[in-house]
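Reviewing the structure listed below.
The values are calculated or read from the model by the stated rules, or taken from the named source; none is laboratory data. Being a predicted model, the structure only gives us computed values, none of them experimental. Cβ sites come from the backbone with ideal geometry, for glycine too, and all protein chains shown count toward neighbours.
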Amino acid sequence: MTKRGERPSRGEHGLEARATLPPIALDEVGLAQWNLLVGLRPWRPSQLLELAAYCAAYSRWAAAEAWLAEEGHGAVITIRDDKGNIKSHGVAPQVTIVERASKEMGRIAAKLKI
């Protein structure tokens with residue numbers, strides 16, 4: 001434990017020795033991804049926020065992909081009125097979620113080199 005006025009100990013890579021506890025906002029899927037990635041290497045405190053964002057995006061991506069696979073009808077949804085008549089067809093919101101989460105994960109993965 002560091003006393004007041006002392007510098008924190010540094011690991012072999014010159015990074016401060018800190019606990020890498022996961023953010024409480026991560027769900028079960030995001031937490032599993034966090035636990036997988038956090039042990040890969042030492043992380044700077046500034047990188048942990050990006051890692052958490054990656055894990056959250058991964059969780060959104062996985063949930064949306066699972067929904068699309070489970071529904072079996074792909075990306076198209078049917079929009080009906082109150083009487084059950086078809087009003088129109090549209091793209092499932094999960095398609096947009098998959099696209100955005102994929103882009104976010106790619107951007108963060110490139111930045112963190114994971």
Practice task
Examine segment 81-93 for a residue that is touching a strand residue (DSSP E or B) at 6+ places or on another chain (Cβ under 9 Å) and among the hydroxyl-bearing types (S, T, Y), and state whether such a residue exists.
Solution key: yes
Problem - Cross-chain or 6+ apart pairs with Cβ under 9 Å, segment 96-114 first and closer than 12 Å to E65 by Cα and in contact (Cβ under 8 Å) with a residue 24 or more places away in the chain, then polar (S, T, N, Q) and not in a loop (DSSP other than H, G, I, E, B) - result: A101/S59
Practice task
Those residues that are charged (D, E, K, R) and under 15 Å from the mean Cα position of the chain (by Cα), I need them from segment 41-90; list them, please.
Solution key: E50, R60, E65
Handout entry: In segment 85-108, the residues that are acidic (D, E) and buried (at least 17 other Cβ atoms within 10 Å of the Cβ)
Key = E104
Practice task
Of all residues in segment 10-34, count the ones that are closer than 15 Å to L51 by Cα and either at pLDDT 75 or above or in contact with a helix residue (DSSP H, G or I) (Cβ under 6 Å, 6 or more places away or on another chain) (or both).
Solution key: 14
Exercise for the section: Residues being in a strand (DSSP E or B) and polar (S, T, N, Q): count how many of those fall in segment 77-114. Expected result: 2
Problem - Hits in segment 40-76 (condition: among the small types (G, A, S) and either surrounded by 12 or more Cβ atoms within 10 Å (Cβ to Cβ) or in a helix (DSSP H, G or I) (or both)) - result: S46, A52, A53, A56, A57, S59, A62, A63, A64, A66, A69, A75
Problem - So P22, is it more than 30 Å from V91 (Cβ to Cβ), free of Cβ contacts under 8 Å to residues at least 60 places away in the same chain and in contact with a Gly (Cβ under 7 Å, 6 or more places away or on another chain) - result: no
